[in-house]
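The values are calculated or read from the model by the stated rules, or taken from the named source; none is laboratory data. What you see is a predicted model, and the numbers here were worked out from it, not measured in a lab. Cβ coordinates were reconstructed from backbone atoms using ideal geometry, including for glycine residues, and neighbour counts include every protein chain displayed. For the accessible areas, the whole protein counts, side chains as well, though only heavy atoms, and no ligand, DNA or RNA atoms are used. Shrake-Rupley method; radii C 1.70, N 1.55, O 1.52, S 1.80 Å.
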Amino acid sequence: MTSAAQREPLILSTWSFAPLGADAAMPLLAAGGDALDAVVAAATVIEDDPTIHSVGVGGLPDAEGRVSLDACVMTNPDRCGAVCNVQRHPNPAAIARRVMENTIHVTLAGDEADDFATREGFVERALLTPDAQREWQLWRHNPTHINREKYRGWLPPMNVEEMDNRIGAPGGVFAGDGAGASHDTVGILALDSHGVLAGACSTSGMAFKVPGRVGDSPIIGQGLYVDQTAGAACATGTGELITGVCGSFLVVEMMRRGATPLEAIKEALGRIIARFSLVHDHQVAMLAMTPGGEWATAAIRPGFHHTVTTREGSRVEDPHAVMLPE
Ligand code: SD4
């Protein structure tokens, strides 16, 4: 179910929390605004919402209880920016844009990325909310986790959206079988009325990750890739799998060579399935869009939803393909 080529403004985002941001950003595009402004605006709204436990404020912390944020933005190979491991500022996508626009670099990481943000006028904010801290404490004291060798042997848990909103429930998301919520990156692709594509990808990463871990989301070509001459793609899910196949770059290059968005995503997800020993909690989903506005989404496993936003509003839908339906 891909749409016809168009210059009608279009926003395609990961997961069902995305209308919050996409609906706020669509008026910019509907008024003739810029795709990059729209994706950063959408990401910022989602990052600022403390009830979303996988992006920005309220994100679940690392194994030591610290929240760290990753993000990137991109419009072309020569126009991209990223930040990793931001711990003092809530809006990494907007900071990534400043890295792109105000430095000669692409990526800043850690404390220095926060220092850069402060110099750029971004306001610091505590990222760890009481809810997220509570989930971390439940995780820390859950024997199904601490009996495993510290950090290793701990499987990446399922996506927050797939966890039935168990955050805040008496046992927390890690009650029961030890599987839990973790990783719902917001990936946003936009096409503006001038036919310009842009993308943003923002996450707090895998919950309870080893401190310092960086996933695919802020890495150009992995969590996001945009080239006006070929298309745009972004990814969500277990970053280590996406990284192994340079997922978003692969999808865009497949489209450059003539694949449809769906064919391109299936190639990337198929490589992950073929090359990794997947466990139950592994999930990857991808979005792809051509410069003409043709788009598709697909996921390895059931549970993923995309959000498509037009002038008429947002629709949350199932992906066009699920590679391993059961
Ligand atoms: C990561 N890919 O840090 C991100 C998490 C994610 O849906 O996308 N979750 O591995």
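Brief remarks on what is shown
- Taking all C-alpha pairs of the chain, those more than 32 Å from each other amount to 20 percent.
- Charge tally for residue 30 (other residues, Cβ to Cβ under 12 Å; Lys, Arg +1; Asp, Glu -1): -3.
- Neighbourhood net charge (15 Å Cβ-Cβ; Lys/Arg +1, Asp/Glu -1) for residue 121: 0
- Cα-projected label distance for residue 30 with residue 263, points at 7 Å along beta-carbon direction, nm: 3.6
- Distance between the pseudo-spin-label points of residue 8 and residue 317 (7 Å out from Cα toward the beta carbon): 1.1 nm.
- For region 186-279, the set of chymotrypsin sites (Phe, Trp or Tyr not before Pro) satisfying both a DSSP loop assignment and a count of at most 16 other C-beta atoms within 10 Å is given as 276.
- Segment residue 229-residue 78, extension gain: residue separation times 0.36 nm, minus the distance between their alpha carbons: 53.1 nm
- Spacing of the two label points (7 Å from each Cα toward its C-beta) at residue 140 and residue 111, in nm: 2.2
- Region 1-65 - accessible surface per residue (Å², probe 1.4 Å): 31
- Using the Cβ-Cβ distance between residue 126 and residue 103 with R0 = 25 Å, the FRET efficiency computed as 1/(1 + (r/R0)^6) comes to roughly 0.40.
- Label zone at residue 66, where the point sits 7 Å out along the Cα-to-Cβ direction: region 213-242 residues whose backbone N lies under 17 Å: 213-215
- Net +/- balance of residues flanking residue 199 in space, Cβ distance below 14 Å, scoring K and R +1, D and E -1: -3
- Antiparallel DSSP beta bridges within the chain, percent to nearest 5: 85
- Derived value for region 14-99: Kirkwood hydrodynamic radius 13.4 Å. Basis is the mean of 1/r over every pair of different alpha-carbon atoms.
- Coupling constants for region 132-137 follow from the phi torsions by the Karplus curve (6.51 cos²θ - 1.76 cosθ + 1.60, θ = phi - 60°), and in residue order they are 5, 5, 5, 4, 5, 5 Hz; glycine and proline get x.
- Annotation: average projected area of region 179-272 is 6.5 square nanometres, based on the convex hull of Cα atoms across all directions.
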